[in-house]
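J.: The structure is given below, and queries will be raised subsequently.
The values are calculated or read from the model by the stated rules, or taken from the named source; none is laboratory data. Model, not experiment: these values are computed from the prediction. Using ideal geometry, Cβ is built from the backbone for each residue, glycine included, and neighbour counts are taken over all protein chains shown.
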Amino acid sequence: MSEATLIKDAVCSFCGCLCDDIDVEVEGGKVQRVKHACRLGSSKIMGHGRIESPMIRKEGVLVACSFQEAYDRAAQILLMANKPLMYGWASTSCEAGKKGILLAEEVGAVFDTTATVCHGPSVIGIEEKGLPGATLGQVKNRADTIVFWGCNPAEAHPRHSLRYSSNACGRFTPQGRKGRKIIVVDVRETRTAKNADKFISITPGCDYEVISALRMLVAGKGDNVPEEVGGVSKADLADLAATLKAAKFGAVFFGLGITHSRGRYKNIDNALSLVAELNQHSKFVIMPMRGHYNVGGIGQVLAWSSGYPMSVDFARGMPYFNPGETAACDLLARGDTDAAMVIAADAVSNFPRTTAQALAKIPVIQIDPYENPTTLLSEVVIPCAIAGVEAEGTAYRMDGLALRLRKMVDSGFPSDEEILIGILESVQKQRLLKANEEA
Amino acid sequence: MRTITITPREEFRISVEAENISSDKFASLNIEQIKSLAVWQGNRQKALSDLFAIEGDDAPATAEEITIRLLGDFSSVKRIAEGMTAGLVEVQGSVGMHAGNNMKGGLLSITGDADDWLAREMRGGKVVVMGDAGNYVGSGYRGEKCGMRGGEIEIKGSAGAYVGEHLCGGSISIGGNAGDFPGAANQGGTIFIGGSTYLPGAEMSKGAITVKGEAKVLPSFQKMEIVQIDGVDFQKYAGDLVDNGKGELLVGVGSS
Amino acid sequence: MIIKGGIVYDPANGIYGEEMDLFVDQGRMAEQAKGEEIDARGLLVMPGGVDAHSHIAGKKVNTGRIMRPDDSRQGTQSRTSVCRPSTGYTVPNCYAMGYRYARMGYTTAFEAATPILEARHTHEELAEIPIIDKGALTLFGSNWQVMECVRDKDLSKLAAYVAWGLRAARGYGVKIVNPGGGEAWGFGGNVKGINDTVPGFDVTPAEIIRGLAKANEMLHLPHSIHLHFNNLGKPGNYTTAIETLDLLRDIKPSRMRQIVHVTHMQFSAYGGTSWRDFESKAPVIADYFNNHNHATMDMGQLLFGSATTMTADAPLEYGNARLTHNKWSNHDIELEESSGVVPMTYFRKMLVNAVQWAIGLELALLVKDPWKILMTTDSPNGSPFVNYPEVITLLMSKPKRDAEMATLHEQVPKRTTLAGIERELDWTDIAIMTRAAPARILGLQDKGHLGTGADGDVTVYNLRPEEVDASQDHALVKKALANALYTIKGGVVVSKEGQILATPPGRTFWVDAAVPPADADRLMLDLEDKFAKYYSIQLSNYAVQDAYLPHAKAIRAGLPVEPLPEVA
Amino acid sequence: MLATMISGRTLAQGAGCESKMSPDFFKAVALCHLSERDFKSLGLSEGKNVLLKNEFGQVVLTAKMDAGLPESIVFIPMGPWANVLVGKETGGCGTPHFKGLEVDVAATNSPVLNICELFSDMGA
């Protein structure tokens, strides 16, 4: 038995906060204690039940097999397909993403990430307007006004407020929470809203109109704004506009409440304009609250590899991007894919049920540490080491900051990167064999 | 007049990209050459004749003189008539995404429905759809400042969201309803919607949008006078004032 | 490898168009070698091109890609058995970066601006760029630790921090952008001149620049400070340029090089009081460089068409976005910097753009000594680097300039002196401005020349310098420069007639400067405090790990590596 | 009762989202939050179930009172149960319309399906 070791300043690989002050005690190859992490992070690092062996479905039943057999079957599925989909990538390292992109190029697949069911609309909004942002430390050190719009960090990003936003103290914000105005805009009074100075309750689906009204008020064109917009009184909106303009440094954090609602990317587009305009009066930044810890990272890797951050179709050898056409849910909804690899994501649970049903009709390869509903439909299941706990690599925080994930314990499972290399080599081998046969 | 008829050989499960089905691409080719034009189905490149039966006049002719008749279900066939400058593409049925992309001239006529991105970045010519159209009729590509710049699109049925996004010129007419945000960031084109819609003209700087039915209007539009067109009353709005826009929005008052 | 019979331009070694054979052995230039023979008889041969200032990797570049799918769809090329796919025009993907430089005969390019905190990202992209050697300059101009050391006049601690920052960022040199302005932008402000006080820090840009220049020399860094002036991009800013240059005249260089490299000078050579009476002050700037030897510059040439501006000068970018009503990305980096990205289109008929175009060319033609001015476009700010052949041919051909002028806004001849400049650069000038000088200015001893022991980076252009008249046959020259006949990198033919044949990974240069341990210890007390109170990450997770530089080349500095020379 | 359905993350959902087959995840996610007034007007009490129906599907969930919710808005923790009510259209931008869906809510005595039962018809 190995001695107890303390790993200091480990990076938590759960949410987009990527807290890097986690202390982990390891003994006997197992994590014994986790300090500083939130409930979400410690539950992940402590570990829980997982898939124990690679499996291939035979006569309807998943049967254990060797890793090589699983790689070969996965490669065969990908090679057979006319339009394979490789989806997920949010909960693994950038290194795995790089190998995945290479594999997608090799087999002519569509490469899509979980962004398309969370902040995909934010990306499209950014394509319209750009993103006026900052690192989280900038908010911690400077922000005197913070708006949480359609997001609930109290439950989704539990340490966000203490480390980076509402309660953080910094150079120009020595009083922390006391020196700040916190405003929450949402359709329900969330835990985050309960701790805010002001909660603005809006009617679901009305974000766009409310933002337009705010833009009018910020620009001094309030005369035109009706007495009520999206369930909010003009007086409340005027108050909010005045608060925003008076900020020394303001930050807007937004979440799926605004990307998943009517208006989708247009909501973000409008919010980006609002923030750009606020910079004529005060300093303002805006940031999406990214959920999965590396959903931002895979977007970065895909962008520098292909020019686009999600939904990239490599079928014709050159990258083509058009969410609405090339996103996972588009392809599945239209039946326009004939095989899928789901990695580091649980597509079956997270997609609309009618979309997930399309996955049941095509061969699915799953790469994941954990059993989940996607496993139930999969043809090939390959268990992997948990990135950030059992494998090292790179992840990007919600503000785009890259951090190095540690390997805390050795599980004996191959990393996602190693699995993808295994499949890639099998693809190349099978292709060569076929070429030789034909010759 | 040279007529070429194309019929799908099967029902396509994986969508087909057929940007080579256009009068310009066919102009200088005989039938055999047309049959061997490239077409993609997913990651497989094929010859046009692998997927479609092709018949018609063999002798090459100019694009103006060509009629391409598409018979059958083309709803999973994308990019038909992309970039065409002249001639006629006549679809007896429905078409897939991106029909008439970047069209510069000629006529694309569709008896059925058109899928998303119909006539994206159109420059000239005319597109007529007897049925419905999907999202992004006459819009731009992602991140691009300009969508359709010229030409005419007529949809007899309804259309999806984002009709004429970033419209820079030309006209779009929708007989039925339009989805959310028609004419967003309109910079000088005209849109007519026979039915109802939601938040038209967001961030429009120029151009005109007419909605005969009902429309939820943004709080950043200024209510102007009532105007009468062909005996119908319309409420006129100016906007979108968020960007000091000088666009004109007319919304029917008769129906509500 | 033997490269036979080329007309060789190797100005660093006093070779100006001599017919000779070149030898590459084990990746380096040699006296003799065997193996593959490259037939270069009568053709133009130069060292591999070196780009000392280009935005090729990191957060800003990727932000450009993410916000511009409209750009990414330009220039798309399919994957081949050798190449990954290429995308993008102003902001190409990593693969296209490497392939396109190689096709033009370039074998080295330096990323112009990386904040320490985000250097890991920059190295992730650099490692993904194939073929070329690279390095990244590190931003120090609005850094809290820097400003505090300057305020406290603690030069040795400042030097210790610069050394530590370069190591943490695996950076190559000291980049200063709109010093102090990045901090002011943290609250939406800016500094208006070099003597303005940075809010909250009680220092001026002038003090920051002088402090960093001195620290740079204390550390004997291979490159000098690399400076983007205050007030960049504003009418009348040439006075800030001259004032800033004067500030540095008395500092002694620790190596045989300049004290300051001024980057994209074009954007800082503006006269007038507003865009209405905007005019060129390139002649004044060129005069200054002709009469002083402590500074070098690069052009930052602007070309018409699409560009993506990206800079750590964040307030400038906000101004650009408001002016052009274009999309705007901004990114402030805690304790260190700010930055922005704005797409841009430059128009021939827009007077301001046309004058900007002329200013870059005026600078390059009026500065007499080509060792003082590098050919750049501040890619992709003035134009993407793929347009270098256009810039070079403009410099070599008066008829081409005149023809171009005829298409511009008619005021250009009144607002600039370009029409009256007869000078046409020759191949020696070009070889200096694109090879020898950037290598010398960066302090890259094995680059930019073909002497024995130098890197085996050689370009053969399909052009007969003894037959072609670049003044008249500029179209031919441009074509030849766009796709080198052979680009040889480390003794391997990587590109032939525009076709990529091999994609070896390039190396990444960084500078490891030693400082006295006592200074380092004093510094660490400050840094521990900053990480405990202000940074949003832990000190132990800050520095770039070895894993991010799979092909690193560390250059030692810190102690005198050669006798301090007098500047000529 | 007609209501607008929204979904989102909760702490318990997040903590369980990597062990979806566990009873804890079921307990944390197969829930429907209702405002106090809606909860009462449907005659619900703790532990009672509700049936949610719309054009895309129907699902039974355990009802939970949530003081933070306005009337006529129901909240379901994100996951496979909520997604039964989401349509497959992606609105031209790749992202399904997960929030703001119209649903009909009624009290029911039917049981809540566990995760395996929920997917039994997909060949699982």
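J.: Restricting attention to segment B:69-121, report how many residues are touching a Lys or Arg at 6+ places or on another chain (Cβ under 6 Å), under 28 Å from D:GLY94 (Cβ atoms) and of a type in the set (A, V, I, L, M).
T.: Residues in segment B:69-121 being touching a Lys or Arg at 6+ places or on another chain (Cβ under 6 Å), under 28 Å from D:GLY94 (Cβ atoms) and of a type in the set (A, V, I, L, M): 1 in total.
J.: Inspect all residues belonging to segment C:56-70 and state whether any of them is among the hydroxyl-bearing types (Ser, Thr, Tyr), within 25 Å of C:TYR461 (Cβ to Cβ), in contact (Cβ under 8 Å) with a residue 24 or more places away in the chain and crowded, with 24+ Cβ neighbours inside 10 Å.
T.: Filtering segment C:56-70 down to residues among the hydroxyl-bearing types (Ser, Thr, Tyr) leaves C:63.
When the remaining residues are screened for being within 25 Å of C:TYR461 (Cβ to Cβ), the result is none.
No, segment C:56-70 has no match at all.
J.: For C:GLU111, all conditions in the list (1) in contact (Cβ under 8 Å) with a residue 60 or more places away in the chain; (2) of a type in the set (Asp, Glu); (3) touching a strand residue (DSSP E or B) at 6+ places or on another chain (Cβ under 6 Å) hold save one; what is the number of the exception?
T.: Result: C:GLU111 fails condition (1) only.
J.: Hey, does segment A:111-118 have a residue that's away from chain B (no Cβ under 14 Å) and either farther than 30 Å from C:ARG65 by Cα or of a type in the set (D, E, K, R) (or both)?
T.: yes
J.: State all residues of segment A:87-110 that are over 24 Å from A:CYS19 (Cα atoms) and either aromatic (Phe, Trp, Tyr) or within 12 Å of chain B (Cβ to nearest Cβ) (or both); if no residue qualifies, say none. Don't jump to the end; show me each part of the working.
T.: Going residue by residue through segment A:87-110, those that are over 24 Å from A:CYS19 (Cα atoms) are A:87, A:99-110.
Correct list: A:TYR87, A:ALA104, A:GLU105, A:GLU106, A:VAL107, A:GLY108, A:ALA109, A:VAL110.
J.: Now, a different point. Identify the residue in segment B:190-243 that is of a type in the set (Gly, Ala, Ser) and in contact with a Phe, Trp or Tyr (Cβ under 6 Å, 6 or more places away or on another chain) and, among all such residues, is farthest from A:SER273 (Cα to Cα). Step through it out loud before you land on a result.
T.: So in segment B:190-243, the residues of a type in the set (Gly, Ala, Ser) come out as B:194-196, B:201-202, B:205, B:207-208, B:213, B:215, B:220, B:231, B:238-239.
Among the residues that remain, those that are also in contact with a Phe, Trp or Tyr (Cβ under 6 Å, 6 or more places away or on another chain) are: B:202, B:239.
Working: B:ALA202: 12, B:GLY239: 16 Å.
Taking the candidates together, the pick is B:GLY239.
J.: I need a count of the residues in segment C:345-398 that are surrounded by fewer than 23 Cβ atoms within 10 Å (Cβ to Cβ) and either without any contact (Cβ under 8 Å) to a residue 24 or more places away in the chain or in a strand (DSSP E or B) (or both).
T.: 2
J.: Let me confirm something: among C:THR244, C:THR273, C:THR240, C:THR197, which residue is touching a Ser or Thr at 6+ places or on another chain (Cβ under 8 Å) and in contact (Cβ under 8 Å) with a residue 24 or more places away in the chain? Spell out the reasoning first.
T.: On the way: C:THR244 fails: touching a Ser or Thr at 6+ places or on another chain (Cβ under 8 Å); C:THR273 fails: touching a Ser or Thr at 6+ places or on another chain (Cβ under 8 Å); C:THR197 fails: in contact (Cβ under 8 Å) with a residue 24 or more places away in the chain.
It is C:THR240.
J.: Does C:GLY340 qualify as being over 19 Å from C:ILE56 (Cα atoms), of a type outside the set (A, V, I, L, M) and within 13 Å of chain A (Cβ to nearest Cβ)?
T.: no
J.: Going by what's in this entry, would D:ALA82 be described as touching a Ser or Thr at 6+ places or on another chain (Cβ under 7 Å) and not aromatic (Phe, Trp, Tyr)?
T.: On the way: touching a Ser or Thr at 6+ places or on another chain (Cβ under 7 Å): yes; not aromatic (Phe, Trp, Tyr): yes.
For D:ALA82, the condition - touching a Ser or Thr at 6+ places or on another chain (Cβ under 7 Å) and not aromatic (Phe, Trp, Tyr) - is met.
J.: In segment B:139-178, what residues are closer than 14 Å to B:ASN101 by Cα and aromatic (Phe, Trp, Tyr)?
T.: If the condition is that a residue be closer than 14 Å to B:ASN101 by Cα and aromatic (Phe, Trp, Tyr), then B:TYR141 is the only one that fits.
J.: Next question, about the same structure. For C:ALA470, state whether it is touching a helix residue (DSSP H, G or I) at 6+ places or on another chain (Cβ under 6 Å), at pLDDT 95 or above and among the hydrophobic types (A, V, I, L, M, F, W, C).
T.: On the way: touching a helix residue (DSSP H, G or I) at 6+ places or on another chain (Cβ under 6 Å): yes; at pLDDT 95 or above: yes; among the hydrophobic types (A, V, I, L, M, F, W, C): yes.
Answer is yes for this residue.
J.: Quick check: anything in segment C:162-177 over 22 Å from C:LEU442 (Cβ atoms) and either within 14 Å of chain A (Cβ to nearest Cβ) or part of a loop (DSSP other than H, G, I, E, B) (or both)? Spell out how you get there, then give the answer.
T.: The initial filter retains those residues of segment C:162-177 that are over 22 Å from C:LEU442 (Cβ atoms), namely none.
Within segment C:162-177 (the criterion being over 22 Å from C:LEU442 (Cβ atoms) and either within 14 Å of chain A (Cβ to nearest Cβ) or part of a loop (DSSP other than H, G, I, E, B) (or both)), the answer is no, since none of the residues qualifies.
J.: Here are the criteria: (1) touching a residue at least 60 places away in the same chain (Cβ under 8 Å); (2) surrounded by fewer than 19 Cβ atoms within 10 Å (Cβ to Cβ); (3) over 27 Å from C:GLY58 (Cα atoms). Tell me which single one C:PRO505 does not satisfy.
T.: (3)
J.: Any idea which of (1) part of a helix (DSSP H, G or I); (2) surrounded by 22 or more Cβ atoms within 10 Å (Cβ to Cβ) is the one A:ALA385 doesn't satisfy?
T.: (1)
J.: Let me ask another. Give segment A:303-321 a look and list any residue that's without any contact (Cβ under 8 Å) to a residue 12 or more places away in the chain and more than 7 Å from chain C (Cβ to nearest Cβ), or say none. Steps first, answer last, please.
T.: The first filter runs over segment A:303-321 and keeps only residues without any contact (Cβ under 8 Å) to a residue 12 or more places away in the chain, leaving A:303-304, A:318, A:320.
A:TYR320, the sole residue that qualifies.
J.: Still on this structure, I have one more. How about segment C:20-113: which helices (runs of 4 or more DSSP H) wholly inside it have at least 1 residues that are away from every other protein chain (no Cβ under 13 Å)? Don't jump to the end; show me each part of the working.
T.: Working: elements: C:59-67, C:69-72, C:94-103.
Correct list: C:94-103.
J.: Now for a different question. Within the bounds of segment C:243-254, is there any residue that is closer than 24 Å to C:THR377 by Cα, in a loop (DSSP other than H, G, I, E, B) and touching a helix residue (DSSP H, G or I) at 6+ places or on another chain (Cβ under 7 Å)?
T.: So far as segment C:243-254 goes, no, none of its residues is closer than 24 Å to C:THR377 by Cα, in a loop (DSSP other than H, G, I, E, B) and touching a helix residue (DSSP H, G or I) at 6+ places or on another chain (Cβ under 7 Å).
J.: Quick check on B:ASP58: is it part of a loop (DSSP other than H, G, I, E, B), crowded, with 23+ Cβ neighbours inside 10 Å and of a type in the set (Asp, Glu)?
T.: Values: part of a loop (DSSP other than H, G, I, E, B): yes; crowded, with 23+ Cβ neighbours inside 10 Å: no; of a type in the set (Asp, Glu): yes.
Answer is no for this residue.
J.: Separate question: Out of segment C:319-339, which residues are free of Cβ contacts under 8 Å to residues at least 40 places away in the same chain and not β-branched (Val, Ile, Thr)? Full working, then the answer.
T.: Filtering segment C:319-339 for residues free of Cβ contacts under 8 Å to residues at least 40 places away in the same chain gives C:321-326, C:328, C:330.
Of everything in segment C:319-339, those that are free of Cβ contacts under 8 Å to residues at least 40 places away in the same chain and not β-branched (Val, Ile, Thr) turn out to be C:ALA321, C:ARG322, C:LEU323, C:HIS325, C:ASN326, C:TRP328, C:ASN330.
J.: Please return the ranges of helices (runs of 4 or more DSSP H) entirely within segment A:186-286 where 1 or more residues are of a type in the set (Ser, Thr, Tyr) and touching a Leu at 6+ places or on another chain (Cβ under 9 Å). Give the steps one after another, and end with the answer.
T.: On the way: elements: A:191-194, A:207-218, A:234-246, A:256-259, A:264-278.
So the answer is A:207-218.
J.: In segment C:129-142, which residue that is touching a residue at least 60 places away in the same chain (Cβ under 8 Å) and not in a loop (DSSP other than H, G, I, E, B) is surrounded by the most Cβ atoms within 10 Å (Cβ to Cβ)?
T.: So in segment C:129-142, the residues touching a residue at least 60 places away in the same chain (Cβ under 8 Å) come out as C:129-137, C:139-142.
If we keep only those that are not in a loop (DSSP other than H, G, I, E, B) too, we end up with C:130, C:133-137, C:139.
Working: C:PRO130: 23, C:ASP133: 27, C:LYS134: 28, C:GLY135: 28, C:ALA136: 28, C:LEU137: 27, C:LEU139: 32.
Step by step, filter segment C:129-142, then rank; the result is C:LEU139.
J.: A further question follows. With the condition being under 25 Å from the mean Cα position of the chain (by Cα) and not polar (S, T, N, Q), I'd like the helices (runs of 4 or more DSSP H) fully within segment C:399-485 carrying at least 2 qualifying residues.
T.: Numbers: elements: C:412-415, C:427-431, C:437-442, C:474-482.
Fully inside segment C:399-485 and qualifying: C:427-431, C:437-442, C:474-482.
J.: Moving on. Looking only at segment A:286-302, how many residues end up being at the interface with another protein chain (Cβ under 9 Å from one of its Cβ atoms) and in contact with a Pro (Cβ under 6 Å, 6 or more places away or on another chain)?
T.: Looking only at that region, the number is 1.
J.: Among the residues of segment A:327-342, is there at least one that is within 9 Å of chain D (Cβ to nearest Cβ) and not in a helix (DSSP H, G or I)?
T.: Scanning segment A:327-342 turns up at least one residue that is within 9 Å of chain D (Cβ to nearest Cβ) and not in a helix (DSSP H, G or I).
J.: How about segment A:52-86: which of its residues are within 14 Å of chain B (Cβ to nearest Cβ), out of contact with any helix residue (DSSP H, G or I) (no Cβ under 9 Å at 6 or more places or on another chain) and assigned to a helix (DSSP H, G or I)? Break it down stepwise before answering.
T.: Taking segment A:52-86 as the starting set, the residues that turn out to be within 14 Å of chain B (Cβ to nearest Cβ) are A:77-86.
Subset that is out of contact with any helix residue (DSSP H, G or I) (no Cβ under 9 Å at 6 or more places or on another chain): A:77, A:80, A:82.
Matches in segment A:52-86: A:ILE77, A:MET80.
J.: Same structure, new question: Restricting to segment A:1-23, and then to whatever is within 23 Å of A:GLN300 (Cβ to Cβ) and in a strand (DSSP E or B), can you tell me which residue is nearest to the other protein chains (Cβ to nearest Cβ)?
T.: Per the stated criteria, the residue is A:ASP9.
J.: Here's something else I'd like to know. Could you please find all residues in segment D:33-83 being more than 11 Å from chain A (Cβ to nearest Cβ), under 19 Å from D:GLU102 (Cβ atoms) and of a type in the set (S, T, N, Q)?
T.: Answer for segment D:33-83, where residues must be more than 11 Å from chain A (Cβ to nearest Cβ), under 19 Å from D:GLU102 (Cβ atoms) and of a type in the set (S, T, N, Q): D:SER41, D:ASN54.
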